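Readers should treat all values here as calculations from the given coordinates under stated rules, not as data from a laboratory. Since we're looking at a predicted model, the values are computed, not measured. Here Cβ is always computed from backbone atoms with ideal geometry, including for glycine, and neighbour counts include all displayed protein chains.
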Amino acid sequence: MFGWIDRPGRWMASRWMTAGAVGTAIAIAGAHLLSAAPAQAQAAYGSYVGIGGALGLTEDDNDEGGGFSVVVAGRYKLLELPISLRAQAFLFGGSTAIVPTVSYDYPLNFQTDLYVGAGLAFAGSDDDDDPSPVGDTTSFVIQPGVDYALPDSNLVIFGNAIFAFDAYEDGGGTATSIQGGVGYQF
């Protein structure tokens, strides 16, 4: 009887009851919103193994390094956590190197993850070989990158950079490389 002015007391009671019902509905909806878990994008893929190429962008003091290499990459996605174990092996481009990292993954949508990882580069050092794209000595690395799962397939396109600090025996500077390739997810 909202707005019925037959008796002022009854009209006021009706208005207060309507306002109370609206207030109760707002309170219930607000409590539901506060108790609901926030929506989070979760990538629709997990672990993969892939192959691609790597390009070293820096050289040591002897102007060695900075070449092309084949890269074999792998990712093991930890379930329920935004963390992955990753590894890359640099082959056939001077000395070899293996770079294991632990990454924090940030899903942009169901196909795309951005990540940043930290780990070590274990690079071989032969006097006859040029340094690998990540140098020729053991060093600390930072690895930012992106993974993109192709829709309706088991393929993942990956790309990243590696910054290896104090990575050269001759010169001790930072080795920088970029990698990319295609992986098969499992």
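Over the Cα atoms of segment 67-111, what is the Rg over Rh ratio if Rh follows Kirkwood?
1.11
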Fill in: Nonlocal amide H pairs with residue 96, under 5 Å, H built at 1.01 Å
124
Practice prompt. Extending each Cα 7 Å along its Cβ direction at residue 106 and residue 62, get the distance between those two points in nm, one decimal.
Written response: 4.0 nm
Discussion item. Along the charge dipole of segment 48-185, pointing to its positive end and built from +1/-1 on Cβ of Lys, Arg, Asp and Glu, which listed residue (65, 168, 116) has its Cα farthest out?
Written reply: 116
Worksheet item: Running Debye on segment 48-185 with equal point scatterers at the Cα sites and no solvent, what base-10 log of I(q)/I(0) appears at q = 0.10, 0.15, 0.18 Å⁻¹?
Response: -0.31, -0.65, -0.89
